[in-house]
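Only the coordinates and a few stated rules stand behind these numbers; no lab work does. Everything quoted here is computed from the prediction, not taken from an experiment. Don't worry about glycine lacking a Cβ; one is built from the backbone with ideal geometry, like all the others, and counts go over all protein chains shown.
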């Protein structure tokens, strides 16, 4: 069940609670409706919290199994522009080295255009991946509807467009020596989504030829 659907369930429970409380107040000799309302809220709220705790536990187990190291989200600088465009809250984050690259995975919430056009939703949550590149690169990005930003020849690779249209890679941005992607999701971040977004970000690095063996002469064309 997605978070949006869960919120609808909670709203329905609150409306039902209000109706029961009104009924109880108009019939002071019968408080059974009020007790039922309290029980309904307790069950709905408890179920929501248990589901959230379960997802968080699953993600912690995924991180431990994949040998990701938890980090303090406030202990590092993040690459997006941030204010005054918008705000980003990094809730939890992990790091590990993959193929000679330091990769950071995190759960995020945002408001406004903090990601500078990468995400269409002005408010939401999802999964973030940041890949530390071997060297600083010229600013470049790929936004929705395949809108390349920048004048790097790496953006001209046909394989980049093909992968984006096939849904194999997300939108991304390169700032300095970091490439980052954001995947918006209504549902809580699952281990399956975590694997998917990390693989997508690393594929972008490979398509742009920005990995450890890269050459500044230009992009490598994939067959």
Next on the checklist: Starting from the 7 Å offset along Cα-to-Cβ, what nm value, one decimal, do you get for the label separation of residue 165 and residue 72?
Outcome noted: 4.8
Next on the checklist: Report D for region 69-208 in µm² per second (integer): Stokes-Einstein, Kirkwood Rh on Cα pairs, 4 °C, 1.567 mPa s.
Outcome noted: 86
Item to check | Listed peptides 140-151, 192-203, 170-181 by packing density, highest first (mean Cβ within 10 Å) | outcome: 170-181, 192-203, 140-151
